[in-house]
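Undergrad: Below you'll find the structure I mean.
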Amino acid sequence: MKAIVFDFDGLIIDTETVWYEAYKEALGFYHADLPLEEFAKCIGTHDTVLFDYFKSQLGEDTDCDEIESRASEIVDVKLRTVNARDGVKEYLEEAHRSGLKIGLATSSSRAWVTRLLNELRLIDYFEAIVTKDDVEKVKPAPDLYAKAVEKLRVQPSEALAFEDSLNGLNAAVAAGLKCVVVPNPVTEALAFEKHELKMASMGEKTLDEVIKTINTQTVR
């Protein structure tokens, strides 16, 4: 293994739970609800599916941008005390010490990602950051991961992806990467398949242990 490629939202920071709670609160203003299974459909990809749900509940003329604006204000408050998920910094440090290249592939915007990575003081670990601003199609299309490994100058088979969502897993596998799934409370019930390993958090195993486990499975 020569490189690792991280997803961002829900994996490095559990923004998915924060956004879910924020959208539920924002929809409450319109006397509507947002079931988890509906929100889960948009995790790791664009907001079109979520906006279609809003319109199905509130009418075709619903101002989805207004709902998103309300949710964004709630998210900004919730993220004032931002923390990385368990084991994230340790993985980045271990990868750096081991000489592994480190990339990031996310369906979010560059402005969103760089802002939070700077707040977490993690941005300098990443040699390549690929966002929705860099590709035509976001996850579950493979474009983000394909561009990330290209920037890292490694083959897809030489890189290991870390994902929390089904859309992200499908994108990584479609690009030819092996993938480790680390769900968060919003995504833990999704029907993950074709992953190499699934963990509740990166605190369960060291990065070296993860890579050795995958190498052993590959040999078998």
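Undergrad: Taking the conditions exactly as written (touching a strand residue (DSSP E or B) at 6+ places or on another chain (Cβ under 7 Å), open to solvent by less than 30 Å² (accessible area, probe 1.4 Å) and either touching a residue at least 40 places away in the same chain (Cβ under 8 Å) or not in a loop (DSSP other than H, G, I, E, B) (or both)), does V186 satisfy them or not?
TA: So V186 does not fit the description; no.
Undergrad: Among the residues of the stretch 81-137, what is the count of those that are among the basic types (K, R) and over 22 Å from V18 (Cβ atoms)? Don't jump to the end; show me each part of the working.
TA: Of the stretch 81-137, the ones among the basic types (K, R) are 85, 89, 97, 101, 110, 115, 121, 132, 137.
Add one more test, that the residue is over 22 Å from V18 (Cβ atoms), and what stays is 97, 101, 137.
Final tally of qualifying residues: 3.
Undergrad: Given the conditions (1) under 23 Å from I211 (Cα atoms); (2) open to solvent by less than 40 Å² (accessible area, probe 1.4 Å); (3) in a helix (DSSP H, G or I); (4) out of contact with any helix residue (DSSP H, G or I) (no Cβ under 6 Å at 6 or more places or on another chain), report the number of the one that I129 does not fulfil.
TA: (3)
Undergrad: Still on this structure: For the stretch 20-48, what are the residues that are in contact with a Lys or Arg (Cβ under 9 Å, 6 or more places away or on another chain), open to solvent by 40 Å² or more (accessible area, probe 1.4 Å) and either among the polar types (S, T, N, Q) or within 22 Å of D86 (Cα to Cα) (or both)?
TA: Of everything in the stretch 20-48, just one residue is in contact with a Lys or Arg (Cβ under 9 Å, 6 or more places away or on another chain), open to solvent by 40 Å² or more (accessible area, probe 1.4 Å) and either among the polar types (S, T, N, Q) or within 22 Å of D86 (Cα to Cα) (or both), namely E21.
Undergrad: Could you list all residues from the stretch 95-109 that are open to solvent by 20 Å² or more (accessible area, probe 1.4 Å), assigned to a helix (DSSP H, G or I) and touching a residue at least 24 places away in the same chain (Cβ under 8 Å)?
TA: Selection gives H96, S98.
Undergrad: Filter the stretch 71-94 for residues that are in a helix (DSSP H, G or I) and modelled with pLDDT of 95 or more; which is surrounded by the most Cβ atoms within 10 Å (Cβ to Cβ)?
TA: Only one residue fits best here, namely Y91.
Undergrad: Please go through the stretch 49-60 and give me each residue that is buried (at least 16 other Cβ atoms within 10 Å of the Cβ) and in contact with a helix residue (DSSP H, G or I) (Cβ under 8 Å, 6 or more places away or on another chain), ordered by number.
TA: L50, F51, Y53, F54
Undergrad: To continue, here is another question. Here's a check for you: in the stretch 136-151, which residue that is out of contact with any strand residue (DSSP E or B) (no Cβ under 7 Å at 6 or more places or on another chain) and open to solvent by 30 Å² or more (accessible area, probe 1.4 Å) is nearest to D164 (Cα to Cα)?
TA: Here the answer is P140.
Undergrad: Within the stretch 156-172, work out how many residues are free of Cβ contacts under 8 Å to residues at least 24 places away in the same chain and open to solvent by 50 Å² or more (accessible area, probe 1.4 Å).
TA: 1
The values are calculated or read from the model by the stated rules, or taken from the named source; none is laboratory data. Everything numeric here is computed off the predicted structure, so don't read it as measured data. Here the Cβ is made from the backbone with ideal geometry for all residues, glycine too, and neighbour counts use every protein chain on show. Calculation scope for accessible area: heavy atoms of the full protein, side chains included, ligands and nucleic acids excluded. Shrake-Rupley method; radii C 1.70, N 1.55, O 1.52, S 1.80 Å.
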